[in-house]
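A.B. asks: Below are the structure tokens for one structure; questions will follow.
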Amino acid sequence: MSRSGFRQDMPPTGGYGDIPYKKALQIPRLKGYTKIAIATGITLAGMYVCTKQIQMNSRLRWEENDARLATWPLVKAEQDRLHLLQVRKNRDAEAELMKNIPDWKVGTYYGKPIYHNAPENHKAYSPDEYYVHSDPKKELRSYYSN
Amino acid sequence: MQGIGKIIMVFTKEDYLPSEAELTIEELPLSSSVLKAGSLYFGQYCDNQSKEFMLCSQELKDPRKCLNEGKEVTRCGFEFFKKLKQNCNPEFAAYHECIYRSGGKGRSMDFRYCRKQQKVLDKCLFEKMGISRPPIGYFSMVRVHKTDRPKPAPSDTD
């Protein structure tokens, strides 16, 4: 190895570059206030759409309720008549069934009324009593309808 | 069944019950879908009779005393549906068909899927019978009913 060929390792001309000790932060594309504004805008728009949806559903429900209420008198009138017919049938059937029993009074238990102070317009009875002289299937159906 | 040994009906021989002839009248032979389709128009047409009957049954709470009002409602229902059939039969048939099928398998019979047929029917009903579809919530909101019906006597439960 000749002496002229020797070359000392030295820093590059102009020196080494700076050591990158700073954290490389990504610069945000949007400013903070812009982001807040966008988030608020989306929330408000969502609230508007949601409110409109709720209002529309409510209107539809009101309309269905209207229809039910408008038909109710028609249904109730028929229901009342059928109910009275059944009550009448029950009373007649009971009179026929118990005609051989002495001291039996129809609608009472040997003359003792069921309800001590029942008002005139409110004759309460259980479904079993109401359907006692009819088809048992009819009573079961009445529990599972509506 | 509980207590079948001593079943006792509470109506005695002395209690008044209307006779079978009074209770048996011709009933409207309509199914739920027809009633639903015509409900709002029926409510408009028979408004007075319906309110009178409901007032009676709410005040007296006794089906025996409101028979005549109930018969009046049914008679008005017959009148309305007959008129509907005479005047707007094809329009109503189309609307009823839509109402019957709307709501899918649940058969909820919603009004909202039948606006197209409803428009046609509304127009026909307004031109021929003078009935318009009431605004939404008309029957659901409180309405004042003016009547000559006497006030009921206060009962012992009041």
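The values are calculated or read from the model by the stated rules, or taken from the named source; none is laboratory data. Keep in mind that this is a model prediction, so the values were computed, not measured. Methodologically, a virtual Cβ is constructed for each residue, glycine included, from the backbone with ideal geometry; neighbour enumeration extends over all protein chains shown. Calculation scope for accessible area: heavy atoms of the full protein, side chains included, ligands and nucleic acids excluded. Shrake-Rupley method; radii C 1.70, N 1.55, O 1.52, S 1.80 Å.
A.B. asks: For the range A:106-131, how many residues are modelled with pLDDT of 75 or more and under 36 Å from the mean Cα position of the chain (by Cα)?
C.D. replies: Going residue by residue through the range A:106-131, those that are modelled with pLDDT of 75 or more are A:106-113, A:128-131.
Of the ones still in play, those that are also under 36 Å from the mean Cα position of the chain (by Cα) are A:128-131.
Residues that pass the stated criteria total 4.
A.B. asks: Quick check on the range B:11-32: of everything there that is out of contact with any helix residue (DSSP H, G or I) (no Cβ under 7 Å at 6 or more places or on another chain) and open to solvent by less than 50 Å² (accessible area, probe 1.4 Å), which residue is farthest from B:L84 (Cα to Cα)?
C.D. replies: Among those that are out of contact with any helix residue (DSSP H, G or I) (no Cβ under 7 Å at 6 or more places or on another chain) and open to solvent by less than 50 Å² (accessible area, probe 1.4 Å), it is B:T12.
A.B. asks: So which pairs qualify, if the first residue must be in the range A:125-143 and open to solvent by 70 Å² or more (accessible area, probe 1.4 Å), the second must be of a type in the set (S, T, Y) and part of a loop (DSSP other than H, G, I, E, B), the Cβ gap must be under 7 Å, and the two must be at least 6 apart or on different chains?
C.D. replies: A:K138/A:Y131
A quick yes/no check of all residues on (1) part of a helix (DSSP H, G or I); (2) surrounded by 14 or more Cβ atoms within 10 Å (Cβ to Cβ):
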{"site": "A:F6", "(1), (2)": "no, no"}
{"site": "A:A39", "(1), (2)": "yes, no"}
{"site": "A:T51", "(1), (2)": "yes, no"}
{"site": "A:W62", "(1), (2)": "yes, yes"}
{"site": "A:D66", "(1), (2)": "yes, yes"}
{"site": "A:L69", "(1), (2)": "yes, yes"}
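A.B. asks: Next up: Can you find a residue that is closer than 19 Å to B:Y41 by Cα and either assigned to a helix (DSSP H, G or I) or facing chain A (nearest Cβ under 10 Å) (or both) anywhere in the range B:141-153?
C.D. replies: Yes - at least one qualifying residue is present in the range B:141-153.
A.B. asks: Are any of the residues in the range B:33-51 at pLDDT below 90 and surrounded by fewer than 19 Cβ atoms within 10 Å (Cβ to Cβ)? Before you say what the answer is, go through the steps one by one.
C.D. replies: Filtering the range B:33-51 down to residues at pLDDT below 90 leaves none.
No: zero hits.
A.B. asks: Identify all residues within the range B:97-124 that are within 19 Å of the chain's Cα centre (by Cα), in a helix (DSSP H, G or I) and of a type in the set (A, V, I, L, M); write none if there are none.
C.D. replies: Selection gives B:I99 alone.
A.B. asks: Next question. Condition (residue is facing chain B (nearest Cβ under 7 Å) and either part of a helix (DSSP H, G or I) or touching a Leu at 6+ places or on another chain (Cβ under 7 Å) (or both)) applied to the range A:96-116: is it met by at least one residue?
C.D. replies: The answer is no; no qualifying residue exists.
A.B. asks: A follow-up question, please. Would you confirm whether or not the range A:83-100 contains a residue that is in contact with a helix residue (DSSP H, G or I) (Cβ under 6 Å, 6 or more places away or on another chain) and surrounded by 10 or more Cβ atoms within 10 Å (Cβ to Cβ)?
C.D. replies: yes
A.B. asks: Go through (1) within 31 Å of the chain's Cα centre (by Cα); (2) more than 28 Å from B:A153 (Cα to Cα) for A:Q79 and report which single condition fails.
C.D. replies: Evaluating A:Q79 over (1) within 31 Å of the chain's Cα centre (by Cα); (2) more than 28 Å from B:A153 (Cα to Cα) leaves (2) as the failure.
A.B. asks: Only one of (1) free of Cβ contacts under 8 Å to residues at least 24 places away in the same chain; (2) in a helix (DSSP H, G or I) fails for B:A94. Which number is that?
C.D. replies: Unmet condition: (1).
A.B. asks: Now for a separate question. Consider the range B:110-158. How many of its residues are of a type in the set (A, V, I, L, M, F, W, C) and open to solvent by 90 Å² or more (accessible area, probe 1.4 Å)? Show your work before the answer.
C.D. replies: The initial filter retains those residues of the range B:110-158 that are of a type in the set (A, V, I, L, M, F, W, C), namely B:111, B:114, B:120-121, B:124-126, B:129, B:131, B:136, B:139, B:141-142, B:144, B:153.
Now restrict to residues that are open to solvent by 90 Å² or more (accessible area, probe 1.4 Å): B:126, B:141-142, B:144.
Residues meeting the conditions: 4.
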